[in-house]
Amino acid sequence: MSFKRLDPEDFLVSSDSITSTMWSTGVPTLTSFFTSSTQIASSAGSFYYSVYQTGSGESNAEVQFDIAYGDSLGSGSALYNSSVPGVSPTKTIYGQYRSLILEDENSSFIFGKGNNTYTTDNFWVINLERARYKQSIFPGSLNLELSGSGGIGSIFLTDDSLDNPVSEFLGATRVYQLISGSNGTAGALANSGYVAGSGSYGLVFPDLGTILINPAAVSQSIRLSPSRSNNSDGLNNAKLFNAIRLGAFFSLNSQETLTSDYVFVRARNSEFNYSENPSFIAGSTGEVIYSQFINSPQVYLTTIGMYNDSNELIAVAKMSRPLLKDFTKEALVRVKLDF
């Protein structure tokens, strides 16, 4: 084993943006959607529906995203306590996302921008499973079809990342508008993919893996409206789930930035030509066993260890194959450390 202190110029930091499919199926588009009757019937079902890529009883079933409905008035769900009006799961959901995104319990969500905005006190939310979106949603990859029941029609939704490439923020959170269109643009659609008088179809928060859907805009397009009854379950989670299931098209990719440290390890012709391996030297005397190796040694590099100043091993790099080293050869090995 031989040691060599690395110089500052031997280190290089690099970042690469990696995109991949969102869903556990390994393909960009999810076309089949399932829920779990057990989860819906549990207390959690009052707050959200978990959506799977296959039947929840299958061995490969995994949660892809969750659906919930939030209402600042607490409408659309049963009260926690009938003697305390307006306090229900839907109000909890609304407050959760208001605190997470707006960071102000007195603020309201505004869909759209410019001259076409709509302030609402309710919304549907699609919350992607954390393992699915890794670091963030890849802008421009969102394509979602919502279909109304009874042959009412469909709407195709995407984010507006290509139409508005400059990142905008709501509080400290990056946000895009959810519009009608495809692949990040409204194209030549009227109103730039907005709904007249109702703003955008929602908000997309790529770094949170969250999509808020504006009921006022959706109801104008496919007549899908949440129930805002008091102290009763309006089955609003089921309404959005059915619209997604009937649309049968949800395309999305994830994105993450991988930071890599490159370490360049140089073995000059005069370095690392001898070994402490017992087959090379005599253990009792430290002499080279084979005389022909005294002036013309040959060793094979197989492993590079990274040590700190306390001589503690912190990383190990294995060579893809043994590398022959002697006085006539120099080696330059690039070690990549991913975070």
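The values are calculated or read from the model by the stated rules, or taken from the named source; none is laboratory data. This one's a predicted model, so the numbers in the text were calculated from it and none came from an experiment. Neighbour counts are summed over all protein chains in view; Cβ atoms, including those assigned to glycine, are modelled from backbone coordinates with ideal geometry. Ligands, DNA and RNA are excluded from the accessible area calculation, which covers all protein heavy atoms including side chains. Shrake-Rupley method; radii C 1.70, N 1.55, O 1.52, S 1.80 Å.
Quick notes
- Of the residues making up the range 243-285, those that are open to solvent by less than 60 Å² (accessible area, probe 1.4 Å) and closer than 30 Å to residue 68 by Cβ number 11.
Here's the yes/no breakdown for (1) over 20 Å from residue 252 (Cβ atoms); (2) touching a residue at least 40 places away in the same chain (Cβ under 8 Å):
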position: 31; (1), (2): no, yes
position: 49; (1), (2): no, yes
position: 59; (1), (2): yes, no
position: 80; (1), (2): yes, no
position: 105; (1), (2): yes, no
position: 112; (1), (2): yes, yes
position: 116; (1), (2): yes, yes
position: 128; (1), (2): no, yes
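- Selection status of residue 150, small (Gly, Ala, Ser), farther than 26 Å from residue 52 by Cα, open to solvent by 60 Å² or more (accessible area, probe 1.4 Å) and at pLDDT below 95: no
- Among the residues making up the range 8-48, those that are more than 18 Å from residue 128 (Cβ to Cβ), small (Gly, Ala, Ser) and open to solvent by less than 70 Å² (accessible area, probe 1.4 Å) are 14, 42, 45, 46.
- Test: residue in the range 232-250 that is of a type in the set (Ser, Thr, Tyr) and part of a loop (DSSP other than H, G, I, E, B): yes
- Candidate set from the range 304-322 (those that are open to solvent by 70 Å² or more (accessible area, probe 1.4 Å) and in contact with a strand residue (DSSP E or B) (Cβ under 8 Å, 6 or more places away or on another chain)); member that is farthest from residue 15 (Cα to Cα): 322
- Members of the range 3-24 found to be under 24 Å from residue 137 (Cα atoms) and in a loop (DSSP other than H, G, I, E, B), listed by number: 22, 23, 24
- Verdict on residue 325 being basic (Lys, Arg) and surrounded by 14 or more Cβ atoms within 10 Å (Cβ to Cβ): yes
- Here residue 154 fulfils each of the conditions (1) assigned to a helix (DSSP H, G or I); (2) touching a strand residue (DSSP E or B) at 6+ places or on another chain (Cβ under 7 Å) apart from (1).
- Scope the range 153-164; condition open to solvent by 10 Å² or more (accessible area, probe 1.4 Å) and either aliphatic (A, V, I, L, M) or closer than 25 Å to residue 48 by Cβ (or both); matching residues: 154, 155, 156, 162
- Within the range 187-226, the set of residues being of a type in the set (S, T, N, Q), within 17 Å of residue 90 (Cβ to Cβ) and touching a strand residue (DSSP E or B) at 6+ places or on another chain (Cβ under 9 Å) comprises 210, 214.
- Test: residue in the range 133-144 that is in contact (Cβ under 8 Å) with a residue 24 or more places away in the chain, closer than 23 Å to residue 107 by Cβ and open to solvent by 10 Å² or more (accessible area, probe 1.4 Å): no
- Scanning the range 294-339 for residues that are touching a Pro at 6+ places or on another chain (Cβ under 6 Å) and closer than 16 Å to residue 264 by Cα returns a single hit, 302.
- Count of residues meeting criterion [polar (S, T, N, Q) and open to solvent by less than 60 Å² (accessible area, probe 1.4 Å)] in the range 49-91: 10
- Identity of the residue in the range 286-301, hydrophobic (A, V, I, L, M, F, W, C) and open to solvent by 40 Å² or more (accessible area, probe 1.4 Å), that ends up nearest to residue 335 (Cα to Cα): 301
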